[in-house]
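Right, one structure below, let's go through it.
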Amino acid sequence: MFKNKLVYIGWVIVILFGLGALLAPWISPYDPYELRLSEQLIPPSSKHLLGQDANGSDIFSRLLYGARISLTVGLLVVFLSGTIGITIGLISGYYGGVIDTGLMRVVDILLAFPGLLLAIALVAVLGPSVFNVMIALTVLGWVSFTRLVRGQVLSIKERDYILAAKTSGQSDFRIMFVHILPNVLSPVIVQATFSVAGVIIAESSLSFLGLGVSPGTPSWGAMLSEGKQVLLDAPHVSIFPGLAIMLVVLAFNFIGDGLRDRFDPKTEKS
Amino acid sequence: MDGPNIIEIKNVKKYFPITGGVLKTEKARINVLNGVDLSITEGEITGLAGESGCGKSTLAKILMKLLAPSSGEILFDGKPFSDIRGKGKRLFYENVQMIFQDPYSSLNPRLKVKDIIGEMLRIRNVPGAEERSRVRKILYDIKLDKNSVNKYPHEFSGGQRQRIAIARALIVNPRLLIADEPVSALDLSTQDKILELLEELKHKYNLTILFISHDLNLMADRCNRVAVMYLGRIVEIVPGRHLMKSGTHPYVKALLNSIPVSDPSKRDNRKKLITGEVPDPENLPGGCYFNPRCPEAILRCRIEQPPMVPLNEKGHYVSCHLRAPA
């Protein structure tokens, strides 16, 4: 029961942040880029709900706009790396042999690198921008999907219904996407929700390090980084973006936990 | 019953290598099929019997082109099996179809019945309207309610699922149906119904059937010919109606003796039951594969592998030194 409630809380948080991001231009009380240099680092007040940052901009408005970047990057990267990872995992598991060995060595190499370090290196080469951050995180992200899907494919590809599909005369492509994929999707969906949380943290980390958004753009990681310089004088500048990251990541993890329980065959029938 | 042979299997062997080490060198071989000769005659029900692990299902998979034989030759309509590839394979699967032992794993749990059966036509570019009418017709043939089309496999019993599997195989009008233990996962009352259905469909669809089973009683009743397999070789081929009385190979006799008799007064306590285990397929015994367990084995059985020889004019063949006519 308790777990179930957490799932609902997770959904509520994600939906609230999602709506906030979507409606940011209409519901944010101030322009997130507006400079009010006379009102630097003002703590939360009735006019500015979460206070003002070093440039005097409204933190609440910036958080709403920041949610756009965090959620877009999170969902888009997971969608891209999921699509690539699932396809490669299907091919690797289904064909086996040399193809499988080759692809799995590539996966091993990518997994052997410390993830964030590789992302930093990639962004350093490509140049800092949100787009390049997404490319770097996709390059890192697909391997976990490939690993997962490949294992699942190996476990079901000798089932009789897959053999029956092979002896129906249909193409390998169709067997992979019509017969195998739907039967291995449940753990992949769970993995995807956890990945969204991971990607949001990674994007924040990269932005914190100055490798993400261009300076001044509201992103949770970048806001955290700006607050770092005034941490002792005005903790609210870093506390609120930090809280936002924590809440969203926690929410996606709750959803992931819930989905995992749901797809677990042992609890399926209750 | 002397139609043309739809399939001829000639000295087919299949082994699976066990590899090890960094270089994946072959360390040992699991010899599953050790020279199988069998032909499947058009219009007949050919039975293939044997214990678990004797290679029945491997042979079925080879005949379905799911596995390639290690050596030997298979002819389909007189043409070599190895020539069937690429587009020819789809055509081949319109001629040969298979039903599996376990109806709980042979249907994709995420597809509806209409898609499981209809897919066979859809991938052959049959128009939607024709597909629907043919699916309706075959559901009638397998005696399944026509409202079943929108249900998922888990909504059906084992027997109903096996009917769906049969429908999927027959909707392309194949000539040969390979039935790999089609009823051994079902309870007795359902077994009979499925067997009767198969027999009825055999006439309706002009089928040739390769019926794989370990139940000799059942095969004696329904098969034109029964081939009994031991350790990847066929030891005896006998017309089904003669199986119980004239089955003569020591292994076949032991199998027949092990069938339980329900009437206590007819039980024969002197019957010899088979002893020992099936030899390890990694290290096959020399000579006749059955000699380590055979109560009648003589020296020759340990040295020389017996050839398959005809016993009479009725199509009874046996591979045994002791039974071969002098």
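The figures follow:
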quantity: Qualifying aspartates and glutamates (Cα of each under 16 Å from Cα of B:Lys112; at least 8 residues distant if same chain); calculated: B:Glu131, B:Asp145, B:Glu155
quantity: Net charge, A:Leu163 excluded, C-beta distance under 13 Å - Lys, Arg +1, Asp, Glu -1; calculated: +2
quantity: Value of relative contact order over the stretch A:1-117, rounded to a whole percent, pairs C-alpha under 8 Å and six or more apart; calculated: 18
quantity: Calculated from backbone phi, Karplus (6.51, -1.76, 1.60) coupling profile of the stretch B:213-222 in Hz, x at Gly/Pro; calculated: 6, 10, 9, 5, 3, 5, 6, 4, 6, 10
quantity: Positive-end extreme of charge dipole, the stretch A:1-72 - chosen from A:Gly18, A:Ser61, A:Ile42 (charges on Cβ); calculated: A:Gly18
quantity: Rounded to 10°, Cα long-axis angle of helix B:128-141 versus longest principal axis of chain B; calculated: 50
quantity: Residue-averaged beta-carbon neighbours from other chains (10 angstrom radius) around A:167-175; calculated: 6
quantity: Whole-Hz couplings from phi, Karplus 6.51/-1.76/1.60, listed for the stretch A:120-131; x for Gly and Pro; calculated: 4, 4, 4, 5, 4, 6, 7, x, x, 6, 4, 4
quantity: Exercise: per-residue mean of other protein chain Cβ atoms within 10 Å, B:104-110; calculated: 6
quantity: Dipole of the stretch B:177-288 [Lys/Arg +1, Asp/Glu -1 at C-beta], most positive-end residue of B:Ile178, B:Thr248, B:Asn283; calculated: B:Thr248
quantity: 222 nm mean residue ellipticity, helices alone, for the protein assembly as shown (DSSP H n ≥ 4; -39,500 (n - 2.57); rounded to 500); calculated: -15500 deg cm²/dmol
quantity: Interatomic Cα distance distribution for the stretch A:1-135, bins of 5 angstrom, percent; calculated: 2, 9, 11, 12, 13, 13, 14, 10, 7, 4, 3, 2, 1, 0
quantity: log10 of Debye I(q)/I(0), alpha-carbon scatterers only, for chain A at 0.09, 0.13, 0.16 Å⁻¹; calculated: -0.51, -0.90, -1.18
quantity: Most fluctuating residue given options B:Asp221, B:Asp83, B:Asp102, as computed from a GNM of chain B linking Cα atoms under 10 Å; calculated: B:Asp83
quantity: Assigned charges on the beta-carbon of Lys, Arg, Asp, Glu; chain A dipole about Cα centre (debye); calculated: 720
quantity: Restraint check, B:Lys10/B:Lys56; B:Lys151/B:Lys202; A:Lys157/B:Lys89; B:Lys266/B:Lys314; B:Lys61/B:Lys87, Cα-Cα greater than 22 Å; calculated: B:Lys151/B:Lys202; B:Lys266/B:Lys314
quantity: Interchain or long-range residues, amide H under 5 Å from B:Arg29's placed H; calculated: B:Ile18
quantity: Rh by Kirkwood over Cα pairs, then Stokes-Einstein D for chain B at 1.567 mPa s and 4 °C, µm²/s; calculated: 61
quantity: Kirkwood Rh, Cα atoms: Rg over Rh of the stretch B:1-123; calculated: 1.02
quantity: Karplus-derived HN-Hα couplings along the stretch B:40-55 (A = 6.51, B = -1.76, C = 1.60, θ = phi - 60°), whole Hz, x at Gly and Pro; calculated: 10, 8, 3, x, 9, 9, 9, x, 10, 10, x, 5, 4, x, 8, x
quantity: The stretch A:123-270, Rg to Rh (Cα coordinates; Rh as Kirkwood inverse mean 1/r); calculated: 1.15
quantity: log₁₀ of I(q)/I(0) at q = 0.14, 0.17, 0.19, 0.27 Å⁻¹ - the stretch A:201-246, Debye sum with one point per alpha carbon; calculated: -0.26, -0.39, -0.48, -0.91
quantity: Percent of C-alpha pairs per 5 Å bin, the stretch B:128-200, short to long; calculated: 3, 14, 28, 25, 18, 9, 2, 0
quantity: Ranked packing of A:176-188, A:197-209, most packed first, by mean Cβ within 10 Å; calculated: A:197-209, A:176-188
quantity: Label-to-label distance, nm, for residues given as A:Thr101 and A:Leu250 (7 Å Cα→Cβ offset); calculated: 4.9
quantity: Cα coordinate range in the protein assembly as shown, projected on the principal axes (Å, largest first); calculated: 116, 56, 50
quantity: Which of A:Ile99, A:Met223, B:Pro306, positive extreme of dipole for the protein assembly as shown (C-beta unit charges); calculated: B:Pro306
quantity: Degrees separating the helix A:236-263 axis from the principal Cα axis of chain A, which is the longest one; calculated: 20
quantity: Peptides ranked, highest mean first, by Cβ atoms within 10 Å: ranges B:113-120, A:98-105, B:17-24, B:64-71; calculated: B:113-120, B:64-71, A:98-105, B:17-24
quantity: Under 5 Å, built H, 5+ apart or other chain: amide partners of B:Thr208; calculated: B:Gly43, B:Leu176, B:Leu177
quantity: Given charges at beta-carbon only (K, R positive; D, E negative), |dipole| of chain B in Debye; calculated: 580
quantity: Residues with amide H under 5 Å from that of B:Lys151, placed H, sequence gap 5 or more; calculated: B:Val113, B:Lys114
quantity: Debye, to nearest 20: dipole size of the stretch B:1-147, +1 on Lys, Arg Cβ, -1 on Asp, Glu Cβ; calculated: 780
quantity: Nearest 10 degrees, 0 to 90: helix B:188-204 Cα axis against chain B principal axis; calculated: 70
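Every number here is computed from the coordinates shown, using simple stated rules; none is lab data. The structure presented is a predicted model; accordingly, all values stated were derived computationally and were not measured. Every residue, glycine among them, receives a Cβ derived from its backbone with ideal geometry; neighbour counts consider all protein chains shown.
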